[in-house]
Amino acid sequence: DGNHFRHLRSIKTANLYGGAEFTAFNSNHSFTPKFHVPIRTNFSFAGPRKLDDIIKLDLVRDKSIAEISDMWMTYHEGKEKVHGLVLNGSKGKSVLSRAAQCPFFVHPVFREEGHFMIVSQFQTPNHFLLAFLEDYQMDPARAQPLLTISVFDDLVDSKDLALVRCDIINRGIEEDEGYKLCKYLIDDYSENKEFESVHTFNKKPESFDLDGFIKEKEKRWVETDDGDGESNVIETTSEEKK
């Protein structure tokens, strides 16, 4: 059932946080569903739930795409533990549609000591909640989110524009790690090649290639660290709409 989290065969990895061990996965085994746990619906949500809580929509409806994008990015610049990104409307709609069908995914975070795993869960209509996978496996009812990612589609029809906000709400995730998780999650759900892994993870977990997945993610993570940076404006439309 795509609406239930797949329990995963796992092993423990390096101690990264003064005694707290986090879960990596045994690359010798594929993901194996053992039991289902309900989707968590009572997460505390730190970020704004509606776009109108951040910017007044009535004040931007007569603005161009470039103006709205600039307002969104300027608003989030300099704010601690908060990131803003911009997508074109079709990409934003694709992310939300695919996430509704495949609500769970995993995201390795790489550090010098090793890596640990984050699980993301989509909650309709617009929000992703990310937590330590081990916490979720132990007790999904008590797992606390590390960050939240919202994809606001209020302006998709009128401006062909989707606005993304990431709120980092736990000190266990660094500022740059939070941005990378946000960017990679959006890519996982919007890019066809990356989404193949998301679809397999949710629909055919026994076929998920964990070892290859982690290697590919580590390569990209290192490339970004080495300066192959990416703009917060992921993609906007090529033509402005007035």
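The values are calculated or read from the model by the stated rules, or taken from the named source; none is laboratory data. Quantities reported herein were computed from a predicted structural model and do not represent experimental measurements. Neighbour counts run over all protein chains shown; Cβ positions are idealised from the backbone, glycine included. Each accessible area value is taken on the protein alone, full model and side chains, heavy atoms only, with ligands, DNA and RNA left out. Shrake-Rupley method; radii C 1.70, N 1.55, O 1.52, S 1.80 Å.
Once you've got the Cα coordinates, tell me which of Lys50/Lys203; Lys159/Lys204; Lys56/Lys180; Lys50/Lys183; Lys63/Lys180; Lys81/Lys215 are over 25 Å apart.
Working: Lys50/Lys203 30 Å; Lys159/Lys204 36 Å; Lys56/Lys180 28 Å; Lys50/Lys183 20 Å; Lys63/Lys180 29 Å; Lys81/Lys215 28 Å.
Those over the limit are Lys50/Lys203; Lys159/Lys204; Lys56/Lys180; Lys63/Lys180; Lys81/Lys215.
Of the accessible area of the range 124-200, computed with a 1.4 Å probe over protein heavy atoms only, carbon and sulfur atoms account for 42 percent. The label-point distance for Asp53 and Asp70, in a model that sets each label 7 Å from Cα toward Cβ, rounds to 2.9 nm.
Between Asp62 and Ser97, the FRET efficiency estimated from the beta carbon spacing at R0 = 35 angstrom works out to 0.80.
Please list, by residue number, every one of the GluC sites (Glu not before Pro) in the range 119-191 that is coil in DSSP and has at most 15 other beta-carbon atoms within 10 Å.
Working: sites: Glu134, Glu174, Glu175, Glu177, Glu191; in loops: Glu174, Glu191.
Loop-located and lightly packed - Glu174, Glu191.
So which trypsin sites (Lys or Arg not before Pro) in the range 73-135 end up in coil per DSSP with only 13 or fewer other C-beta atoms within 10 Å?
For trypsin sites (Lys or Arg not before Pro) across the range 73-135 that sit outside H, G, I, E and B with at most 13 neighbouring Cβ atoms in 10 Å, the list reads Lys79.
Computed with a 1.4 Å probe on the full set of protein chains, the accessible area for Val86 sits at about 0 Å².
Legend: residues Ile186, Ile55, sorted from most to least accessible area (1.4 Å probe; ligands, DNA and RNA excluded), read Ile55, Ile186.
Ordering Met117, Met71 by accessible surface, largest first, gives Met71, Met117; the 1.4 Å probe counts only protein heavy atoms, with every chain in place. Cα centroid distance between the range 152-189 and the range 81-116, in Å? If we compute the Cα centre of each part, the gap is 7 Å. Residue order by solvent-accessible surface for Thr124, Thr148, Thr224 is Thr124, Thr224, Thr148, largest first, with ligands and nucleic acids left out and a 1.4 Å probe.
Tyr179 contributes an accessible area of around 40 Å² to the protein surface, as traced by a 1.4 Å probe with all chains present.
Averaged over its residues, the range 91-187 has an accessible area of 32 Å² per residue, based on protein heavy atoms and a 1.4 Å probe.
For Gly172, the amide hydrogen comes within under 5 Å of no other amide hydrogen, counting only partners 5 or more places away or on other chains and with H modelled in the peptide plane.
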